[in-house]
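The structure appears right after this line, and notes come after that.
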Amino acid sequence: KRIRQLDAGRWFDTKFTGRRIPTLEEVLTLSDGRVGLAVEVKSPGPTAEALDRKLIPLVRAFHRPVVVHSFAADYITASKRKAPDIRTGYLCVATMKAIRRTRLAGAESIHPAWRTLSKRLAREARQAGLSIMIWTARTRRDCIHMVNKGCDAIGADCPDLLIDVLTERGLRSG
């Protein structure tokens, strides 16, 4: 409730003063059937059970691909036991240990910071049966470098620039 009272727009520009932070349910409703989403779960700790009681039904009702990802491998493991049908990803720095941890957690994909992913580690992740989502593009140059990595998905703060790069390379139509 408290977060809904915060002004999410004023810091960006005064013309956005009074804009409120949407709830996850509002984001899912707005984007349903239009785009896939990655939902990041921060360190849930003792609130994990309550969070999952709300999150799992929302994700199951969404009509496009959704991946729930977290830096907390223990959360991914517990979540996977409750909802094996929901795709999960492990947010990390790319290392062999992270690849093993991703597999042990039961996640389908590894989500390393893009600058940490080498060709060798990408190959190792693929050999382990994992898909790869890298993050976070913030500039056109980031988008170009990230597209060159050849991963399955890219997290971006600048989706317009990423779409332009993908379209220019013939990797996305329209």
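Just a few scattered comments:
- In this structure, LEU104 qualifies as open to solvent by 30 Å² or more (accessible area, probe 1.4 Å), more than 26 Å from ASP157 (Cβ to Cβ) and of a type in the set (A, V, I, L, M).
- Residues of region 115-142 that are open to solvent by less than 30 Å² (accessible area, probe 1.4 Å) and farther than 23 Å from THR88 by Cα: ASP142 alone.
- Qualifying residue in region 65-84 (condition: closer than 30 Å to ASN148 by Cα and open to solvent by 40 Å² or more (accessible area, probe 1.4 Å)): yes
- Residue in region 96-103 that is modelled with pLDDT of 95 or more, touching a Gly at 6+ places or on another chain (Cβ under 7 Å) and among the aliphatic types (A, V, I, L, M) present: no
- Taking region 1-115 as the region of interest, the helices (runs of 4 or more DSSP H) fully inside it that hold 3 or more residues being more than 18 Å from the chain's Cα centre (by Cα) and within 24 Å of THR136 (Cα to Cα) are 96-105.
- Residue count for region 38-50 under the criterion of being closer than 12 Å to VAL67 by Cβ and either open to solvent by 40 Å² or more (accessible area, probe 1.4 Å) or without any contact (Cβ under 8 Å) to a residue 24 or more places away in the chain (or both): the result is 2.
- Of all residues in region 143-174 being more than 23 Å from VAL39 (Cα to Cα) and of a type in the set (A, V, I, L, M), the one that is surrounded by the fewest Cβ atoms within 10 Å (Cβ to Cβ): LEU171
- Screening region 11-37 for residues that are more than 25 Å from VAL67 (Cα to Cα) and modelled with pLDDT of 85 or more and picking the one that is least open to solvent (accessible area, probe 1.4 Å) gives GLY18.
- Residue among ARG140, ARG169, ARG101, ARG115 that alone is of a type in the set (Lys, Arg) and without any contact (Cβ under 8 Å) to a residue 12 or more places away in the chain: ARG115
The values are calculated or read from the model by the stated rules, or taken from the named source; none is laboratory data. From a predicted model like this one, the values you see are computed outputs, not experimental measurements. FYI the Cβ positions are ideal-geometry reconstructions off the backbone, even for glycines, and counts take in every protein chain you see. Ligands, DNA and RNA are excluded from the accessible area calculation, which covers all protein heavy atoms including side chains. Shrake-Rupley method; radii C 1.70, N 1.55, O 1.52, S 1.80 Å.
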